[in-house]
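Just so you know, all these numbers are worked out from the coordinates, no wet-lab data involved. Since the model is a prediction, treat every value here as computed from it, not as a measurement. In this analysis, Cβ positions are derived from the backbone assuming ideal geometry, glycine residues included, and neighbour counts consider all displayed protein chains.
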Amino acid sequence: MCDVAHGPPKIFVYKSGKQVYTGEHTRGGAHLAMAYKLAITTVKWGVGKTTIAQNLAGALAEVGQKILLVDLDQQGNLSSVFLDNIYRLPLTLYDLITDPDIPTGEVIHRTSFENIDILPANLELSRVEFQLVGDNDAQFYVADKLKEVDDYDLIILDTTPNSGLMTISALVAANGVMIPVECQEWAARGSAYVLDLISKVERRANPPLRLLGYVINRYDRRRKLEESYREALLENHGPLVFQTMIRNSVKYPEAVSVRRPITAYQPKSEQAQVFRVLATELLQRAFAQVETAASRESTKGGKHVQARKI
């Protein structure tokens, strides 16, 4: 397990259907044939879910991955990082979900950061759950709307920290799930609840959905109790725990306050490097999932999905 790598992170590329590595931290890298949708999900407040989404987007964007952020949290914290005055936006995710005639492209906003766009939210989103009560198809609306966009490499869905409609909608739309955890007892309990949600969605609404792994966030090795919980997490979940750990650091809230990904705020810092390594590990896991699914389809006579390199 590592919290930072020394030297430039390796960027994943594909050649002849096999995974290979390049040793240069340059623009470009690997791209899937269609957008990979990642839900960053937890049912606990304050575990750094939105901060991870913000900084992963920055790390992925700087190596040429085109990113769409989808803010499914009515607080709009992710939207506030990338956009000015989210309460004056003409259209948000709320409008997209409740009005089927609005094209998804009209709600997507470009940000001031290259390769990062966002589908924003604000407090209006709190009305959706009540407005769609009794609508059996409500959980599919986000997934349906995201099918209208095809020019992104990754779509990162930042969910609300509960098990409501927006969280379920993100899981129905996603290919994979990342669960942020802190090394605390309550975090372990919350993660178990998320696993139950994933299992329920996977059974019927979205069978291809997979857990990519747990990300240990705000880790402080000086606290013996946190070290104990980290060891327990590794013992119980093994390879499902991302190797990259995010240590507790004041630089992350600073990046939020200046409304920049850590890779843009402090590009040479250890904290920025951690997210570059995490982004690379994320790509590895996402490609492995896609390749495994494609191999299964090919054995059934299906069409193999290839990664594309630009």
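Side notes on the structure shown:
- Charge tally in the Cβ shell below 13 Å around Ser80, where Lys, Arg are +1 and Asp, Glu are -1, Ser80 excluded: -1
- Listed peptides 249-258, 58-67, 274-283 appear in the order 274-283, 58-67, 249-258 once ranked by packing, highest mean of other Cβ atoms within 10 Å at the front.
- Segments 173-182, 72-81, 89-98, 237-246 sorted - mean Cβ within 10 Å per residue, highest first: 173-182, 72-81, 89-98, 237-246
- Overall form of the range 57-173 per C-alpha gyration tensor (a/c, 1.5; a/b vs b/c): prolate
- Cα gyration tensor shape for the range 44-89, rounded if a/c is under 1.5, else prolate or oblate: oblate
- Highest average packing first - 164-171, 259-266, Cβ atoms within 10 Å: 164-171, 259-266
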